[in-house]
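Read the figures in this text as sums done on the coordinates, not as results from a lab. Please read these numbers as outputs of a predicted model, since none were measured by experiment. Cβ sites come from the backbone with ideal geometry, for glycine too, and all protein chains shown count toward neighbours.
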Amino acid sequence: MAQPNYRSRVSIGLPVFNGEKYLPQTIESLLAQTFDDFELIISDNASTDRTAEICRAYAERDARVRYHRNEANIGLYRNFNRVFQLSSSAYFKWAAADDICGARLIERCVEVLDADPQAVLVYAKTVFIDEQQRELVVDYPGWHLPSPDPVERMAFAIQAGHWVTACEGLIRSSALRQTPLFPTYYGGDRALLCRLALFGTFQELPERLAFKRLHASNSTGHASDADWFPDKAAYQSWTLYRDYLKIIAGSPFSLSQKTRLLKAAARRMYWSKSSLRQEMRQYVRNVLRSGDS
């Protein structure tokens, strides 16, 4: 069978909104990769700072850089989905506009995906850094899911409550195309990882090649910001669990396997009971207000 005519072997998608502070360092770390058969797709979400100027300068300098600008801000996750939709490679990686990649990151991830057809996602050990690139101590169990059992992998994805930096690993595009990509509510990245776990294993590289920057302008600090999440779910915790239930119901598993996943979702709901109660109270208040109007 003829192989697809890809522009390059790897596509790196870089969604950005007002990222001038860290963007040059992020782009430089990507362009300095030892594996250079990639396209870098930047989607500027109608930034109002110097982001456009920075991106155009890199696009003029390096033919691997493709710069796109949205006429209006379409929200964080729609912009993440946009860069994948613009991609054309067998392997795809999302890159955050404030993070840094070690020079051998793409090379090592490609090696694993080429060697292991069961793997759908490969990521490196993550080092958390602050604004000055000082290493932070963060409890991060990671997302190494080598089990051949998709139910075991999905159960872990449902129950995990830690950082989801595995989303920025190198992913088989063929697997991503079988998902709806990122839901548009805050926390929707967890639903995406749950879906990807159905299709294959997640592999963690032992090398510390991914540097996640934590600072005041991270998306975590903008959970209620309309510029980042214009479709923010009023009850985002309940929305995530609704999606988990839909994923479980639509999975090709037996009743006993689905029950196992439902138990995993129930355990995670118990651990999230505080936010679920808060959203339920808000729902009741909204219903009462609407009844008074």
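Using only the alpha carbon atoms of the chain, find the Kirkwood hydrodynamic radius as the inverse mean reciprocal pair distance, in angstroms to one decimal. It works out to 20.0 Å. Within the listed set ALA175, ALA32, ALA124, the Gaussian network model of the chain (springs between alpha-carbon atoms below 10 Å) gives the highest mean-square fluctuation for ALA32. In percent, rounded to a whole number, the relative contact order of the chain is 20, using alpha-carbon pairs under 8 Å and six or more apart.
Only four residue types carry charge here, +1 at the Cβ of Lys and Arg and -1 at the Cβ of Asp and Glu. Report the dipole size of region 10-220 about the Cα centre in Debye, rounded to the nearest 20. Kindly include the intermediate steps, with their values, before the conclusion.
On the way: 22 positive and 27 negative charges, 87 e Å.
It works out to roughly 420 debye.
Taking other C-beta atoms within 10 Å as the exposure proxy, PHE80, PHE199 rank PHE199, PHE80 from fewest upward.
Placing unit charges on each Cβ (+1 for Lys and Arg, -1 for Asp and Glu) gives region 10-220 a dipole about its Cα centre, and among LEU76, ALA97, HIS215 the Cα reaching farthest toward its positive end belongs to LEU76.
Among CYS194, CYS167, the ranking by other beta carbons within 10 Å of each residue's beta carbon, starting with the fewest, stands as CYS167, CYS194. Stokes-Einstein diffusion of region 237-292 at 4 °C, 1.567 mPa s viscosity, Kirkwood radius from Cα pairs, rounded to a whole number: 102 µm²/s. Note on the chain: helix-only mean residue ellipticity at 222 nm, from DSSP H runs of 4+ residues weighted -39500 (n - 2.57) and normalised by residue number, equals -12500 deg cm²/dmol.
Here's how it looks for ARG69: its modeled amide H is under 5 Å from those of ASP44, which are all 5 or more places away or on a different chain.
Close Lys pairs in the chain, defined as Cα atoms under 25 Å apart and 8 or more places apart or on different chains, number 15.
Springs between Cα atoms under 10 Å define the GNM used for the chain, and in it the highest mean-square fluctuation of ALA103, ALA59, ALA115 occurs at ALA115.
Among PRO183, PRO150, PRO117, the largest mean-square fluctuation in a Gaussian network model of the chain, built with springs joining Cα atoms closer than 10 Å, belongs to PRO117.
If R₀ is 22 angstrom, what is the calculated FRET efficiency for the pair SER272 and HIS144, using the beta carbon separation as r and rounding to 0.05?
Efficiency, from the Cβ-Cβ distance: 0.40.
Taking only complete DSSP H runs, can you tell me which helices of the chain stretch 15 Å or more along their own long axis by Cα positions and average at least 0.0 on the Kyte-Doolittle scale? Can you show the working numbers first?
Details: long enough: 51-61 (16 Å, -0.51); 105-115 (16 Å, 0.89); 188-199 (18 Å, 0.93); 236-249 (20 Å, -0.14); 255-271 (24 Å, -0.58); 273-292 (28 Å, -1.28).
Answer set is 105-115, 188-199.
The fewest-to-most ranking of THR51, THR165 by surrounding Cβ atoms within 10 Å reads THR165, THR51.
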